[in-house]
Ligand SMILES: Cc1ncc(COP(=O)(O)O)c(C=O)c1O
């Protein structure tokens, strides 16, 4: 496509954008079990209005935009309360879970280098930890030591311990991990770090908002936040179960000393002193303002209500999967994520099942190994599970009758 030689009209370009969406997954009515989170039209409207007010503002320099400094501090403060970080807790907003995790990896590397002179650092983490850790190790030059999970899909802590050596700068646990939706034994992982005075990052990108509320709703949630000795940082994605606009996460450190390893400052160019809190230079204010607005709009009782709704839908879906003999639920969900595969992979290709569901409008993540379909269940799905299960049955019958095969596809694409 070439740039039009004369600009088009406003209504024209906006109509074209709306047209472009025609084949996208219908997330507003709950057809996406991944990628999008929806707490209702009123919440979306608040996020969009707040985003629009700050779409040009830039948090790279909060001297010019003290409002964004305040917005960031208040958002981080709320997240700190959820994480029980206490007055010492110190964090930044980032553009998403990946940037938060990259910063945790970078901070661990810097700390190892400065405090212990480590030049060949490694990270010990379960195979279930998110791909963003792999990216961080690759970007920042650390060795990734992936340790197979146990039969319950949780981190195998003794095996992790055996992989730690003098060059280990970081151990990782997830609350919950993405692939099967279970929470790692955070206290045991953090104890490995505490005993060696190294970093322990808890990936709370998925659970950081909801686990606090699930505990308050009476669910048995094992300790996972800063109340656990040895945890040094936690990532929490607001653009997931915080229901804010895309581009908002928080990386929280136990204290400012640990947070200092995250930041970057240089004056080695002709443009003066340049400091940045994360990967980004220019840091758009839109997602920050939208997060602030949605969090204040929803309030504590709003998040409690949304956590109950998402959990209700997740339990209903898990029960429906368990009731289908051809499917196997990988694990009882600890939060709002679940995955299922074929009871007999020789008879059923779950990627073909995903194809059949997509033909009916439902989008699920395809993952493996082992070949599985993954559902991130959020508040929008409350009341929609019956319709999904009806289509799940129809799709299953179709695939079994046809003996169809499918492609794994990708969790994230490079096109
Ligand atoms: C557990 C976990 N960590 C990290 C991430 C990465 O987050 P993002 O896609 O916002 O970069 C995800 C994304 O789904 C996740 O599930």
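When the helices (runs of 4 or more DSSP H) confined to the range 7-94 are screened for residues that are at pLDDT 95 or above and surrounded by 18 or more Cβ atoms within 10 Å (Cβ to Cβ), those reaching at least 3 such residues are found at 41-53, 66-83. Answer yes or no as to whether residue 410 is within 16 Å of the ligand (Cβ to nearest atom), touching a strand residue (DSSP E or B) at 6+ places or on another chain (Cβ under 9 Å) and not in a loop (DSSP other than H, G, I, E, B). It is false that residue 410 is within 16 Å of the ligand (Cβ to nearest atom), touching a strand residue (DSSP E or B) at 6+ places or on another chain (Cβ under 9 Å) and not in a loop (DSSP other than H, G, I, E, B). Pick out the one residue from 155, 191, 162 that is farther than 27 Å from residue 278 by Cα and without any contact (Cβ under 8 Å) to a residue 24 or more places away in the chain. After ruling out the rest, the residue left standing is 162.
Looking only at residues of the range 296-341 that are assigned to a helix (DSSP H, G or I) and within 16 Å of the ligand (Cβ to nearest atom), we find that the one that is surrounded by the most Cβ atoms within 10 Å (Cβ to Cβ) is 310. Can you confirm whether residue 244 is more than 16 Å from the ligand (Cβ to nearest atom), at pLDDT 95 or above and assigned to a loop (DSSP other than H, G, I, E, B)? Criteria not met by residue 244. Here's a check for you: in the range 157-181, which residue that is surrounded by fewer than 24 Cβ atoms within 10 Å (Cβ to Cβ) and out of contact with any strand residue (DSSP E or B) (no Cβ under 6 Å at 6 or more places or on another chain) is nearest to residue 81 (Cα to Cα)? Here the residue is 178.
Conditions tested, residue by residue: (1) in contact with a helix residue (DSSP H, G or I) (Cβ under 6 Å, 6 or more places away or on another chain); (2) under 30 Å from residue 341 (Cα atoms); (3) in the same structural domain as residue 162 (by TED's automatic domain parsing).
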residue	(1), (2), (3)
182	no, yes, yes
216	no, no, yes
230	yes, no, yes
243	yes, yes, yes
257	no, no, yes
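Residue 283 - would you say it is in contact (Cβ under 8 Å) with a residue 60 or more places away in the chain and surrounded by fewer than 21 Cβ atoms within 10 Å (Cβ to Cβ)? So residue 283 fails the test.
Here 354, 397, 346 are screened, and the one residue that is surrounded by fewer than 15 Cβ atoms within 10 Å (Cβ to Cβ) and assigned to a helix (DSSP H, G or I) is 397. Looking across 287, 293, one residue alone is within 16 Å of the ligand (Cβ to nearest atom) and more than 22 Å from residue 334 (Cβ to Cβ). It is 287.
If I filter the range 91-111 for residues that are more than 21 Å from residue 206 (Cβ to Cβ), within 16 Å of the ligand (Cβ to nearest atom) and out of contact with any strand residue (DSSP E or B) (no Cβ under 8 Å at 6 or more places or on another chain), do I get at least one hit? Scanning the range 91-111 turns up at least one residue that is more than 21 Å from residue 206 (Cβ to Cβ), within 16 Å of the ligand (Cβ to nearest atom) and out of contact with any strand residue (DSSP E or B) (no Cβ under 8 Å at 6 or more places or on another chain).
The values are calculated or read from the model by the stated rules, or taken from the named source; none is laboratory data. Every value quoted in this text rests on a predicted model; they were computed, and no experiment measured them. A quick note on method: Cβ atoms are made from the backbone with ideal geometry, for glycine too, and the neighbour counts reach across all protein chains shown.
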